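Below is one structure, written out as C-alpha cells; the observations come after it.
The values are calculated or read from the model by the stated rules, or taken from the named source; none is laboratory data. If you're wondering where the values come from, they're calculated on a predicted model, not measured in any experiment. Please note: Cβ atoms are built from the backbone with ideal geometry, for glycine as well, and neighbour counts cover all protein chains shown.
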Amino acid sequence: MPSRLEMLKQFVAAHPADPFPRYGLAQEYKNAARLAEARAEFDVLMRDHADYTPAYLHAGNVLVALGERDQAREVYERGIAACVRKGDAHARGELEGALAALGDSASDAD
C-alpha cells in the first residue's frame, strides 16, 4: 500500500490544475519536518495558483522555520495582495498577523 506521501504525489500528478492536492503535499512535507521539500511544493503552488490564499501563510511559516525571514516577509505580502484580490478577509488577517510577528527586519539587525 502506498504511503500518504506517495498517494499525494500521485494525486498531484493526476490533477495538476487543482491546487488542493499540491497544498496537501506541501503540508505533508511541512508536518514531516521536510522543510526544503515543503518549500519547493509551496513555491510551485504559489507560482501556478497565485490566488490560492491558504498557501501563503504556511509557505511563509516554512521560510521562517528555515531562517529566511526576508523571503517569508515577501511571501506574506504577496499573500495579503492575493487576499485583497480574492476578498479573503480571514486569510488576510492571519497573514497580517504573521507579518507583524516578524517585526521590522531593520531593527532585528541591531
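Quick look at the numbers
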item	result
Selected residue [within 14 Å of the chain's Cα centre (by Cα), crowded, with 19+ Cβ neighbours inside 10 Å and at pLDDT 95 or above] from E77, E41, E68	E41
Any chance L25 is more than 30 Å from E96 (Cβ to Cβ), part of a helix (DSSP H, G or I) and either touching a residue at least 12 places away in the same chain (Cβ under 8 Å) or of a type in the set (S, T, Y) (or both)	no
Pick from the range 88-110, criterion acidic (D, E), at pLDDT below 95 and assigned to a loop (DSSP other than H, G, I, E, B), ranking: nearest to L35 (Cα to Cα)	D104
Residue within the range 83-100 that is in contact with a Leu (Cβ under 7 Å, 6 or more places away or on another chain) and within 25 Å of E6 (Cα to Cα) present	no
Residues that are β-branched (V, I, T) and either under 15 Å from V84 (Cα atoms) or touching a His at 6+ places or on another chain (Cβ under 7 Å) (or both), drawn from the range 50-64	T53
Boolean, G60 is out of contact with any Phe, Trp or Tyr (no Cβ under 9 Å at 6 or more places or on another chain) and either modelled with pLDDT of 95 or more or under 25 Å from D18 (Cα atoms) (or both)	no
Qualifying residue in the range 6-20 (condition: within 11 Å of the chain's Cα centre (by Cα) and buried (at least 19 other Cβ atoms within 10 Å of the Cβ))	no
Pairs with Cβ under 8 Å, 6+ apart, first in the range 30-46 and within 10 Å of V62 (Cβ to Cβ) and in a helix (DSSP H, G or I), second modelled with pLDDT of 95 or more and basic (K, R)	A38/K30; E41/R22
Which listed residue is surrounded by fewer than 17 Cβ atoms within 10 Å (Cβ to Cβ), of a type in the set (K, R), modelled with pLDDT of 95 or more and within 17 Å of H15 (Cα to Cα), from R47, R34, R85	R47
Residue list for the range 47-69, restricted to those being part of a loop (DSSP other than H, G, I, E, B) and either among the acidic types (D, E) or in contact (Cβ under 8 Å) with a residue 60 or more places away in the chain (or both)	D51, E68
